[in-house]
Amino acid sequence: MRKLLLSLLLFLPFAYGWAENASQDTSESLFNSCWRNEQTGDWQLSLFDSCAIYDSKMWKYATKTEKKVVLTDGNTKVNIEIGKNKNGKSDFVIDGKKMQLSQITTEHLPDYPTADSTAFSTVIKPGEATIVGYLKDIPEEYSWGKIYLKVNTVNYVGAIKDEKSVVVDKDGKFKITVPLFGVNMAHLNFTNGNQTIAWMPMVLDYGKTYFLLHDFSNKQSLFMGEDARLQNEFQGKWNVVDFYFAQPKHLSPEKMIEHYHRIAAMYPNTIEKVQNTINEHPTISKRYRDFTLVASRYAICNLMLFAIPNKGILPDEIYEWISKYGYLDTTMPLTLTEKIALAQDMRIHFESQKIAMRYYLTYEDLLTRAESGRVKLSDDDIELIKLLIASSKEQDAADEIEDPAERRFALEALHAKYPMKELINFCKRHDIDSILNNGAPSQYEIGKMVVDSLYKGKKEYDFALSLWLMRNMFIAEEGLPKELHRYISEVRDTFLVNKIYERHYRLANAANQKFPEVEASTRPSSDVKGLTDGKAILEKILEPFKGRFVHIDFWGTWCGGCMQQMQHTPMLKSELKDYDMVYLYFANNSKYADWIRKINDLNVYGRNCVHYNLPKEQENALETYLNVIAYPAYFLVDKQGNIHNLGNSLSESIPEAKRIMEK
């Protein structure tokens, strides 16, 4: 069953905020100042007590006076003559070149003096960008341990998230290289493991180097470099609206329509706000304008698409809205934000389901055909069909219950009332499946029909077909299904073809790998054979660990948020090393080969690690008992057997876990 707890940013970019008013006293000292080129509008120079920043590099002083400084990196020297400061402006001569600079006293760089009509590159090719920089005057409360810079990007083909990280050195300096497939949205997160210190958006272009200054004492965030303008505009001029949806597992058609009208109403308001910002800043760059408008459109589309009704079919008026606003604009980089790929993925999915439903029989249709003799089934089979119809109606009614405890109670009663295992096995029978499909094309044939019908241009067709092939690999988890190999030749972009084959062979080879150490940490579902009640399942699994603390992690190989949170596991184990702990993992809807491989990749195996991959019915019963409504989800079982909900963030749950254990 699908469980979603959505915390969605209408606009993905978000600049780490200082206090409302930036520091205004930086002019008191020359050697605590940042300077902007009056002609170009760029951040040109910073002079601090211990170092300087110029030309996207950090320098030491060979000479340092109020009128002249000489910068050195050990090989090169830069001579800077400094004129008298008049109302925050000074004439500088840098290596013989005279320029007027003004002191930056605001949180972010002010508006650039002239407009910029540079457009985004739409080329898809491999490359990389480099981010270097300096965290200045890190507050003491953040500096007790290592600080990491984590850069998250998204490979649009399959919407696969990638995270690169580097340790910020003791002086606050860092450098990281990020692989790209085109112009790509990135999120920078500075963290000490327990908390986020600074978080900001960027749009990276291959071959570019970006220098970032994040000054805690002067409360400034500035970018330097040939492609710094867009980054500076993001930090200082971004309207952010947060939308939080604690969404039930399913929406009724009525609730779905309510959701649609609420989200649809946001779109014109959102575009108006973005347009107002653009109008208020007439020199804002074309790339900023284009990005904010595209990001807004796709953000609204994704909010719309995340509300999936019971049967997985979007009402026509919602699908029409998505078709109207979720289109591909090939004048923009298709790699720009993951929401572009997600919107197309969902469009293909829902359109495929619409086509499939024209063929598929309902259980009521099957019963009518069986009772009339058009389909030959036994009396026992007919009784099972009647039970399926009745249980499906009760299941739909239970799913509409908003109160989690009441819904869980209703579902438990449903499972006790009907022979669920027998009903599931009946639906899996080949003869029954064939009758219900009613001569429908295969899911792959339908998907290809949809791609062919929705995407006509060469670039958008290559994008959508590659995305669809990658998504099917993701679902199969063992490489591209044989039935789809013939479609690769229809992708005309060589780079995309190479990425498809690369991912196929990586998945196919990984599926055959053996991980004996990982498998030693797994437990068979036979441990709870025959149990259907969630409480009974958990009690049986916990039996060997009585008197010990048990940390429980609900996750799935398909869950990007789970993967990100598991990267905090070393910190979790380090913080809890003095306690008698067992780390218990439950994987949801995860194929065996991918499950084993992910455990190995994440290094969450070994002493005191126990993994279960239960059958769907038992996993659902367990999650229903514990009221798991989002992934990942964390719990702590204390030595007395009491269960404590730790929420959905592994790093943020550590202090609460320690508090409970220290009682």
Can you figure out the FRET efficiency of ASP329 with GLU81, using R₀ = 51 Å and their beta-carbon distance, to the nearest 0.05? 0.55
Give me the compactness ratio for region 432-525, meaning the Cα radius of gyration over 2.2 N^0.38 Å. 1.37
Length-normalised contact order for region 430-579 - Cα pairs under 8 Å, 6+ apart - percent: 14
Checked against a 19 Å limit on the C-alpha separation, the offending pairs among LYS386/LYS417; LYS67/LYS98; LYS57/LYS86; LYS125/LYS150; LYS150/LYS170 are LYS57/LYS86; LYS125/LYS150
Accessible surface of the chain, 1.4 Å probe, proportion on carbon and sulfur as whole %: 48
Tell me the Rg and the Dmax, in Å, that the Cα atoms of region 96-222 produce. 16.5, 52
Å³ per residue of the Cα convex hull, for region 174-215? 90
Let's see if you can work this out: charge +1 on each Lys and Arg Cβ, -1 on each Asp and Glu Cβ, no other charges. What is the dipole magnitude of the chain about its Cα centre, in debye to the nearest 20? 1380
Can you list residues from other chains, or at least 5 along the same chain, whose modelled amide H is less than 5 Å from the amide H of LEU614? ALA587
Once both axes come from the Cα atoms, what is the angle between helix 363-372 and the longest principal axis of the chain, in degrees from 0 to 90, rounded to 10? 20
Which far-off residues, 5 or more places away or on another chain, put their amide H under 5 Å from the one on GLN44, with H placed in the peptide plane? TRP35, ARG36, ASN37
Straight-line reach check, LYS458, cutoff 16 Å on alpha carbons, 8 or more apart in-chain or any other chain, hits among aspartates and glutamates -> ASP329, GLU490, ASP493
Restricting to Cα pairs below 8 Å that are 6+ residues apart, what does the relative contact order work out to for the chain? Please round to a whole percent. 12
Rounded, prolate or oblate for region 328-426? Axes are the square roots of the Cα gyration tensor eigenvalues, ordered a ≥ b ≥ c, and the cut-off for rounded is a/c under 1.5. oblate
What nm distance separates the two modelled labels at PHE31 and LYS577, each placed 7 Å from Cα along Cα→Cβ? 4.1
Using the Kirkwood radius built from alpha carbon pairs, what does the Stokes-Einstein equation give as D for the chain at 25 °C and 0.890 mPa s, in µm² per second? 87
Would you calculate, for the chain, the mean residue ellipticity at 222 nm contributed by helices, counting each DSSP H stretch of 4 or more residues as -39,500 (n - 2.57) and dividing by all residues, to the nearest 500? -12500 deg cm²/dmol
Chain lengthening between SER489 and GLU445 when straightened (0.36 nm per residue, less Cα-Cα): 14.2 nm
If the chain between THR368 and ARG262 were fully stretched, how many nm would it gain, using 0.36 nm times the residue separation less the Cα-Cα distance? 34.2 nm
With every protein chain left in place, what is the accessible area of ASP403 in Å² (1.4 Å probe, nearest 10)? 70
Of the residues HIS430, GLY534, ALA440, the Cα lying farthest along the dipole of region 422-536 towards its positive end, which is defined by charges on the beta carbon of Lys, Arg, Asp and Glu, belongs to ALA440
Using a Förster distance of 41 angstrom, determine the FRET efficiency expected from the C-beta separation of LYS68 and ASP162, and round it to 0.05. 0.35
If I ignore ligands, DNA and RNA and count only protein heavy atoms, how much of SER323 is accessible to a 1.4 Å probe, in Å² to the nearest 10? 40
Strictly greater than 16 Å: what percent of every Cα pair in region 558-663 meets that? 60
In µm²/s, what is D for region 497-565 at 4 °C and 1.567 mPa s, where D = kT/(6 pi eta Rh) by Stokes-Einstein and Rh is the Kirkwood radius from Cα pairs? 82
Compute the accessible area per residue over the chain, keeping the other protein chains in place, probe 1.4 Å, unit Å². 46
Could you tell me how many degrees, from 0 to 90 and to the nearest 10, lie between the Cα long axis of helix 592-602 and the main elongation axis, the longest principal axis, of the Cα atoms of the chain? 30
What list of whole percents do you get for P(r) of region 308-383, with Cα-Cα distances grouped in 10 Å bins up to the one holding the largest distance? 15, 32, 21, 15, 11, 5, 0
Based on alpha-carbon centroids, what's the gap between region 71-134 and region 509-548 in Å, whole number please? 58
Name the cysteines of the chain that stand alone by the Cβ rule: no other cysteine Cβ under 4.7 angstrom. CYS34, CYS51, CYS301, CYS427, CYS609
Set LYS146/LYS598; LYS459/LYS499; LYS175/LYS237; LYS354/LYS591 screened for pairs whose C-alpha atoms are more than 19 Å apart: LYS146/LYS598; LYS175/LYS237; LYS354/LYS591
Helix 338-357 sits at what angle to the longest principal axis of the chain, using alpha carbons and giving 0 to 90 degrees rounded to 10? 20
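The values are calculated or read from the model by the stated rules, or taken from the named source; none is laboratory data. No experiment lies behind these values; they were computed from the predicted model shown. Please note: Cβ atoms are built from the backbone with ideal geometry, for glycine as well, and neighbour counts cover all protein chains shown. Note: areas computed on protein heavy atoms with side chains; ligands, DNA, RNA excluded. Shrake-Rupley method; radii C 1.70, N 1.55, O 1.52, S 1.80 Å.
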